[in-house]
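Taking it in order: structure first as structure tokens, then the write-up.
The values are calculated or read from the model by the stated rules, or taken from the named source; none is laboratory data. From a predicted model like this one, the values you see are computed outputs, not experimental measurements. Note: ideal-geometry Cβ built from the backbone for every residue, glycine included; neighbour counts use all protein chains shown. The area values use the complete protein model at the heavy-atom level, side chains included, leaving out ligands, DNA and RNA. Shrake-Rupley method; radii C 1.70, N 1.55, O 1.52, S 1.80 Å.
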Amino acid sequence: MNNYLELVNSVIINEKNHLISSDSSLKLVGTGRSAFVFRIQSSSKAIKVFFPNSAYIAEEESEIYNLLQEVDYFPTIYESGLNYIVMDYIEGHTLFECMTHGIHITSDHIKETDYALSLASELGLNPSDIHLRNIIITPNNKIKLIDVARYRQQKNCKQWRDLKKAHHQFYCKRFFLKKIPCSFLNIVAFLYKKGLIPFYRL
């Protein structure tokens, strides 16, 4: 198969949003709340295929990516359809992976992410739902951001501001562990979303 739509049509998802099968040239590299992400093997492209009950998000996210195409901190998109987006495959580690693998996240990484989000804001967007899994540090030590579907929400999202605060208050301290178990980070994220962490309430 060499047609993007044919590859997308090879992805079979059941009613419980479980992946049943896909073309052999697709390597599953991520599963989110609304989509599977595959790398097209032997290429530098990825296909994001949305779950049947979340297919409507594809149009919203592709429109936002199109607005961001001149901003180098976001992946280039090549094609989109009713339930998919074809974009750059971004090599590197998410900030979540950095924390679980012990890869240092510097203040410069935080500043670069801040700048990238400010450029999105200048385009009239409202970057929201910014978390550790949608910020990537590439092999050349640059920042890339993915998962932009919520960048046109109207609410005032505090997540990025709180992440910056936590980086400064805790992560940068000498005593703070730089390699953290995945389970611990997931518990912290759960408590944060429930508003159960003092001074970090949504």
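Which one is farthest from Phe176 (Cα to Cα) among residues in segment 84-106 that are hydroxyl-bearing (Ser, Thr, Tyr) and part of a strand (DSSP E or B)? If you could, list the steps in order and put the result at the bottom.
Of all residues in segment 84-106, those hydroxyl-bearing (Ser, Thr, Tyr) come to 84, 89, 94, 100, 106.
From the residues that got through so far, the ones that are part of a strand (DSSP E or B) too are 84, 94.
Values: Tyr84: 40, Thr94: 19 Å.
The extreme case among them is Tyr84.
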Self-check item: Odd one out for Met99 among (1) open to solvent by 40 Å² or more (accessible area, probe 1.4 Å); (2) at pLDDT 95 or above; (3) within 25 Å of Thr113 (Cβ to Cβ); (4) not β-branched (Val, Ile, Thr)
Solution: (1)
Quiz item: Can you tell me how many residues in segment 86-120 are more than 14 Å from the chain's Cα centre (by Cα), β-branched (Val, Ile, Thr) and under 23 Å from Ser34 (Cα atoms)?
Solution: 1
Quiz item: Considering segment 164-181 alone, what residues qualify as being open to solvent by 50 Å² or more (accessible area, probe 1.4 Å), in a helix (DSSP H, G or I) and not polar (S, T, N, Q)?
Solution: Lys164, Lys165, His168, Phe170
Self-check item: Conditions (1) at pLDDT 95 or above; (2) closer than 23 Å to Ser54 by Cβ; number of the one not met by Gly92
Solution: (2)
Quiz item: Of the residues that make up segment 137-152, is at least one at pLDDT below 95 and surrounded by fewer than 16 Cβ atoms within 10 Å (Cβ to Cβ)?
Solution: no
Quiz item: Can you pull out the residues in segment 26-77 that are open to solvent by 30 Å² or more (accessible area, probe 1.4 Å), in contact (Cβ under 8 Å) with a residue 12 or more places away in the chain and more than 16 Å from the chain's Cα centre (by Cα)?
Solution: Lys27, Gln41, Ser42, Ser43, Ser44, Pro52, Asn53, Glu59, Leu67
Quiz prompt | Tabulated pairs, segment 182-194, first in a helix (DSSP H, G or I), second modelled with pLDDT under 95 and among the basic types (Lys, Arg), C-beta under 9 angstrom, 6+ apart or interchain | solution = Tyr192/Arg201
Exercise. Those residues that are out of contact with any helix residue (DSSP H, G or I) (no Cβ under 8 Å at 6 or more places or on another chain), in contact (Cβ under 8 Å) with a residue 24 or more places away in the chain and either surrounded by fewer than 12 Cβ atoms within 10 Å (Cβ to Cβ) or part of a loop (DSSP other than H, G, I, E, B) (or both), I need them from segment 1-14; list them, please.
Key: Val11
Quiz prompt | Boolean, Arg133 is more than 13 Å from the chain's Cα centre (by Cα) and either modelled with pLDDT under 95 or open to solvent by 30 Å² or more (accessible area, probe 1.4 Å) (or both) | solution = no
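Out of curiosity, is Phe190 loosely packed, with under 12 Cβ neighbours inside 10 Å and touching a Phe, Trp or Tyr at 6+ places or on another chain (Cβ under 6 Å)? Show your work before the answer.
Values: loosely packed, with under 12 Cβ neighbours inside 10 Å: yes; touching a Phe, Trp or Tyr at 6+ places or on another chain (Cβ under 6 Å): no.
Answer is no for this residue.
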